[in-house]
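We did not get these values from a lab; they are worked out from the coordinates using the rules stated. On a predicted model such as this, the values are computed, not experimentally measured, just so you know. Please note: Cβ atoms are built from the backbone with ideal geometry, for glycine as well, and neighbour counts cover all protein chains shown.
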Amino acid sequence: MSKERIKISEDLYDIMPSDYQDLVKSATYGKEDRGWKDIGNSKELIEQHSLCAGCPESMAFRYILASLPNPEDTVMVGSTGCTSLVFPMVAVHNIHSLFGNQNAIASGLKRALSVRFPGRTKDVVVLAGDGATVDIGLDMTLQAWFRQEKFTTICFDNELYANTGGQESGLMQKGFVAKMAPVGKLFDKVRLPEIARESGCHYVVQCTVSKPSLVEKVIKNAVMIAREIGPTYLQLYTPCILEIGKNSMEGLQEMRDSEKPTERFAYKEYISEPAKQLLAEMAAKAQEKKAAAKQLAAQGA
Amino acid sequence: MIQYRVLPGPEHFLPPSAASMGICLPNPGEGHINGVIVPEEKAYEEAAKQFLMAKVPTLFPGPLVLWAWNEKAAKKATAIRHLYNTLKECVQPGQTPMLIPMPDYRPKYPKINPEVEINPNHPNLTIWHNKIDCCMFIGVHCHQANLSLKIIRGGTACYTMAMCAQAGHEDAMLSFRDASVEKIMKLAEWVKKLKGTVQPQLTSAKSRASN
Ligand SMILES: Cc1ncc(C[n+]2csc(CCOP(=O)(O)OP(=O)(O)O)c2C)c(N)n1
Ligand code: SF4
Ligand SMILES: [Mg+2]
């Protein structure tokens, strides 16, 4: 599967805006080992964005879009929030759902795609904010996991409702005072990674997006496990620099500070037994391929 | 009761869908002009006239023809290029035919470049920017075309036409149905046939488009 399906009609090629021409010429659709290292060498699947300057969500988007294993056959489902302002600029099929409904939409979509395209791999990836995932959409989030729906849920955890000016969210830290939550959060940050594990997710990771290689690894694992086994969940810290009073250049440091072993975004991972087995098989295959390539290179030399 | 007619605007913000005002789609072999069903031949003649009268007659090819997703799409693209070239050959000095793509339907913000593309969610920006006073949609999925045609009718004075591959567009001022390579080529023939017989409306067109 590759770019054969993404061709511009020859007689109208010259009038196509250059971003579409570039997508066809040098985007990594169909590339088997696509990943974050393609950024800068090929056309990215995000054109521009309307997030605040320096918002870590933009880094997260770039790494995720570079790492999806099968972008031409992936449908992303978004929800209202800062992330939804980015989707119009994303060159992967995507659906905007009513706030909170994203996992219900994704459930129906995944099932419909498997009926409509029985022989083809179609990945569904939900990407929504913490308000959408953990508060207003919690019912839909959990029910999809209980039902073992085979798609990935990614939560951009910025610990509040950013797009509406800073209201309290379930993922906000205890005691935090936001612009529109002046009393301060009275209870602890909801432990959604643990809830995800108990609700049947086969792969759960909580981390920040400070390291592109790590984002690539967890995205690939989450999508492959969802494709083969069942629901997966990624909770990525993408701090809202605007709400926590940081400058454009300070988002990365904020993530690095928050991912230290004693901090609340220390790397956390749960993998079910069937998922572990799948990852081991994938690793063995990759190793085999590498060895074969090495042998081929040696023969050629 | 006064019968509703699909006419150049600006009608008003959020104009009604023409279907809700009783405008019906043509049957095979027919077209419609302003919401009145006519034989297809009449629609060819009127479409060619409208192109030749306009200051900036414009073709808006959509994703169904811009992307070569099958052989037929690529052939339609070739026919559209031919129609555009024919327009350029047949207009008089002062008239500027344009060919502007609608590559996809994503609501593009913060901005689009209205010089190089049209977007169905705010087509008026491209119409206003380029002072387009007559346009034809080809290869745009029906619901997006109708949305777009309604916005154009609501906010601009542009004369809209649709070369629709399905049942036609009641929200355009003139519509064909069952569009094919042959029909696009036939329209080009009509433009050639009427070359020099139609007086371009350069001054009134200018004031119309600036609305
Ligand atoms: C059904 C519904 N309820 C409420 C809103 C208002 N609303 C828009 S964005 C938003 C907050 C989004 O917060 P989050 O999901 O954390 O995303 P963020 O903006 O922080 O990335 C809310 C409540 C809405 N658009 N739709
Ligand atoms: S409000 Fe916060 S989360 Fe939203 S774009 Fe700005 S910095 Fe990013
Ligand atoms: Mg949030």
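All other residues with a Cβ under 14 Å from the Cβ of A:Lys189 taken together, and with Lys, Arg as +1 and Asp, Glu as -1, what is their net charge? Intermediate values should be presented prior to the final figure.
Details: positive: A:Lys174, A:Lys185, A:Arg191, A:Arg264, A:Lys268; negative: A:Asp130, A:Asp135, A:Asp157, A:Glu159, A:Glu168, A:Asp188, A:Glu194, A:Glu263.
Charge balance near A:Lys189 sits at -3.
Please give the residues of region A:193-213, grouped as numeric ranges, whose backbone N is less than 15 Å from a label point set 7 Å along the Cα-to-Cβ vector of A:Ile244.
The answer is A:207-211, whose backbone nitrogens lie closer than 15 Å to the label point.
Return the average number of partner chain Cβ atoms within 10 angstrom of each residue Cβ along peptide B:115-125.
Taking all residues of B:115-125 together, the mean is 1.
Springs between alpha-carbon pairs under 10 angstrom, Gaussian network model over chain A: which of A:Tyr237, A:Tyr20, A:Tyr270 fluctuates most?
Answer for the Gaussian network model of chain A: A:Tyr20.
Sorted from largest to smallest, which semi-axis lengths in Å does the alpha carbon gyration tensor of region A:3-272 give for its equivalent ellipsoid, taking the root of 5 times each eigenvalue? Walk me through the numbers on the way to the answer.
Working: eigenvalues 178, 98, 57 Å².
Ellipsoid semi-axes (Å, largest first): 30, 22, 17.
Based on the Cα coordinates of region B:32-209, what is the per residue volume of their convex hull in Å³? Let's see the in-between values first.
Working: hull volume 18.1 nm³, N = 178.
Per-residue hull volume (Cα only) is 102 Å³.
Less than 15 Å Cβ to Cβ from A:Val205, Lys/Arg counted +1 and Asp/Glu -1: what total charge do the surrounding residues give? Mind showing how you got there, number by number?
Details: positive: A:Arg191, A:Arg197, A:Lys211, A:Lys217, A:Lys220, A:Arg264, A:Lys268, A:Lys276; negative: A:Asp157, A:Glu194, A:Glu216, A:Glu259, A:Glu269.
With Lys, Arg at +1 and Asp, Glu at -1, the net is +3.
Run the simple label-point estimate for A:Ala293 and B:Asn85 please: 7 Å along Cα→C-beta, distance reported in nm.
About 4.6 nm, to one decimal.
Quick one: Kirkwood hydrodynamic radius for region A:61-124, alpha-carbon pairs, angstrom, one decimal? Intermediate results must be reported in sequence, preceding the final value.
Numbers: mean 1/r = 0.0808 Å⁻¹.
Computed over region A:61-124, the radius equals 12.4 Å.
So which residue, out of A:Ser210, A:Ser79, A:Ser26, gets the largest mean-square fluctuation from a GNM of chain A using Cα contacts under 10 Å as springs?
A:Ser26
Using alpha-carbon pairs under 8 Å, 6+ residues apart, how would you state the relative contact order of chain B in percent?
Details: 467 pairs, mean separation 66.4, N = 211.
Here the relative contact order equals 31 percent.
In whole Å, how far is the Cα centre of region B:1-38 from that of region A:5-40?
Each part reduced to its Cα centre gives a spacing of 40 Å.
If you count, for each residue, the other Cβ atoms within 10 Å and average over each peptide, how do A:255-267, B:34-46 line up from highest to lowest? Mind dumping the intermediate values first?
Values: A:255-267: 14.0, B:34-46: 17.4.
Listed from highest to lowest mean packing, they are B:34-46, A:255-267.
Along the Cα-to-C-beta direction of A:Met180, a point sits 7 Å from the Cα; which residues of region A:145-166 have their amide N less than 16 Å from that point?
Counting only backbone N, you get A:158-166.
Taking the Cβ of B:Cys164 as the center, what net charge do the other residues with Cβ under 13 Å away carry, scoring Lys and Arg +1 and Asp and Glu -1? If you can, show how the numbers build up before the last one.
Values: positive: B:Lys76, B:Arg177, B:Lys183; negative: B:Glu30, B:Glu40, B:Glu170, B:Asp171, B:Asp178.
Local net charge: -2.
Largest first and to the nearest Å, give the Cα extent of the protein assembly as shown along each principal axis.
If we take the Cα atoms of the protein assembly as shown, the spans are 82, 69, 41 Å.
Tell me the relative contact order for chain A as a rounded percent, counting alpha carbon contacts under 8 Å between residues six or more apart. Mind dumping the intermediate values first?
Details: 567 pairs, mean separation 47.8, N = 301.
Once divided by the residue count of chain A, the mean separation gives 16 percent.
Considering only Cα-Cα distances, which of the following residue pairs are longer than 28 Å: A:Lys220/A:Lys289; B:Lys72/B:Lys111; A:Lys110/B:Lys150; A:Lys122/A:Lys285; A:Lys211/A:Lys246; B:Lys76/B:Lys150?
The pairs that break the limit, which is 28 Å between Cα atoms, are B:Lys72/B:Lys111; A:Lys110/B:Lys150.
What whole number of Å gives the distance from the Cα centroid of region A:201-226 to the Cα centroid of region A:70-142?
17 Å
Calculated FRET efficiency, A:Ala284 and B:Arg5, Cβ-Cβ r, R0 51 Å, to nearest 0.05?
The value I calculate is 0.15.
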